[in-house]
Amino acid sequence: MRKRSDRTKSSRTRDDNDDSTIVPEELLIEILKRLPVKSLCRFSCVCTRWRSLISDPRFVDSHLAHSATRPKLLVSFPDPHADHREGGLWLLSADQSEPRNGQPQIATPHFLLRAWTGPYVSQSHDGLICREVGGHVNICNPSTGKHAAFRIPGTTARSAPWSYFEQTHSFGYDPVERKHKVLSTRVISKGRLNRRDILEPRVLTLGTKRWRRVEGCAPHYKKDREFCFDGVVYYTAWSSSRDCSGDMYLVAFDVRMESFRMITVPARAHEFRHKGLLIEFEGRLAIVDCYTALSCAKFYIWILEDFDREIWKKRVFVLPRCWKEMVGNCQVFPAGMVRSGELLFAPQTLSKPVCVFYYNLKTNGFRRSEICGLPEHDMSLSPAYCLLTFSDYVESLLPLGGLSSRN
């Protein structure tokens, strides 16, 4: 009986080692890096050698580079059946490629995020997203289902009571040192009659567990979702005012240097003061006026031509004549730029069918894609419970525990 057990154990050991003679490692890597993350997670259980190979940082980077050639759309919307006090968010992904024979794209569900309380899902960096979950900042990899939670830092303000505070978070990436960071900005309004605002910014580098205090700038209230481009996190903000009547700025946070800059938005650009979308356009930061696109005739983009001298340029884009016919009765808004350089137009509420449009800013052409496979929902629910968000996304094996080891 012992001899048979020894032979079995020896056979298994040979099986683990003999795959290198059957498939050379270089060829194995070329095959594996083309597979989706879900398959790789299963294959890592095949044997010790495969697990070691798939978790190797060099393979993780190689797989990420290949995934970037097959970008996806990350689709998210609140779970209409979740308790309003706890919240929940569905995450799904769909291909950005041209549909074959007019067939709709099938959305692949990742999972349902429980206790989701933030206003939106952050921009994805290397397949990671950031969200707020009841007193914590949560970094999540939708492809692997892994996530890590960090407690939101408290205030250091003393003595005098405050009547209001607002805390927001922004997710950024430094391509030079290859570090992911979360920026927490907390604005505290002290007093009732003679109100005084204080800004307390802190930064968390993923791979560490401590929030660090950084040098701030003038107090401001973050207005919309942030956008990280070339190592700088941008977001629009009101100047120390909750009633949206103050001056509007473009806040720029250098992720590597951990420094702020507030750029004045020209007065003529205040058409988008209630809804502006930050994008990269021809290597520069730009703001899309979303509401002008509802006319189905044209829309405006304000481009930051000179960052240092704060020079803006306005451009008008006239949509094709057939645009209104293709869109029909569906209201679509600019939702962001995708890796192909196209501007994505998408609905803001869940409906059937869900159609998105990719608009080419250079050729004035566009393509339509229908997305199927979204979870069923009660059509009688308020649209507020069916808000859709779309973002550019690539699958990634990036582990949350070893981010600092990629330097």
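At a glance:
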read-out: Residue within the range 396-404 that is modelled with pLDDT of 85 or more and under 30 Å from residue 298 (Cβ atoms) present; value: no
read-out: Residues of the range 336-355 satisfying the condition of being among the aliphatic types (A, V, I, L, M) and either at pLDDT below 90 or open to solvent by 40 Å² or more (accessible area, probe 1.4 Å) (or both); value: 337, 346, 350, 354
read-out: Residue 42, sole failed condition from (1) open to solvent by 100 Å² or more (accessible area, probe 1.4 Å); (2) at pLDDT below 90; value: (2)
read-out: Matching residues, the range 200-222, being assigned to a loop (DSSP other than H, G, I, E, B) and either in contact with a Phe, Trp or Tyr (Cβ under 6 Å, 6 or more places away or on another chain) or hydrophobic (A, V, I, L, M, F, W, C) (or both); value: 214, 217, 218
read-out: Test result for residue 287, free of Cβ contacts under 8 Å to residues at least 60 places away in the same chain, open to solvent by 50 Å² or more (accessible area, probe 1.4 Å) and of a type outside the set (Lys, Arg); value: no
read-out: Selection within the range 303-317 - basic (Lys, Arg) and part of a loop (DSSP other than H, G, I, E, B); value: 309
read-out: Pairs, first in contact (Cβ under 8 Å) with a residue 40 or more places away in the chain and assigned to a helix (DSSP H, G or I) in the range 40-61, second open to solvent by 80 Å² or more (accessible area, probe 1.4 Å) and of a type in the set (Asp, Glu), C-beta under 7 Å, six or more apart; value: none
read-out: Within the range 177-199, tally of residues that are touching a Leu at 6+ places or on another chain (Cβ under 9 Å) and outside any strand (DSSP E or B); value: 1
read-out: Condition met for residue 132 (within 18 Å of residue 391 (Cα to Cα) and modelled with pLDDT under 85); value: yes
read-out: The range 23-39: number of residues that are farther than 18 Å from residue 142 by Cβ and open to solvent by 70 Å² or more (accessible area, probe 1.4 Å); value: 6
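The values are calculated or read from the model by the stated rules, or taken from the named source; none is laboratory data. Treat the numbers as computed from the prediction; the structure is a model and nothing was measured. Heads up, the Cβs are rebuilt from the backbone with ideal geometry, glycines too, and the neighbour counts pull from every protein chain shown. Accessible surface is based on the protein model in full, side chains and every heavy atom, while ligands, DNA and RNA are left aside. Shrake-Rupley method; radii C 1.70, N 1.55, O 1.52, S 1.80 Å.
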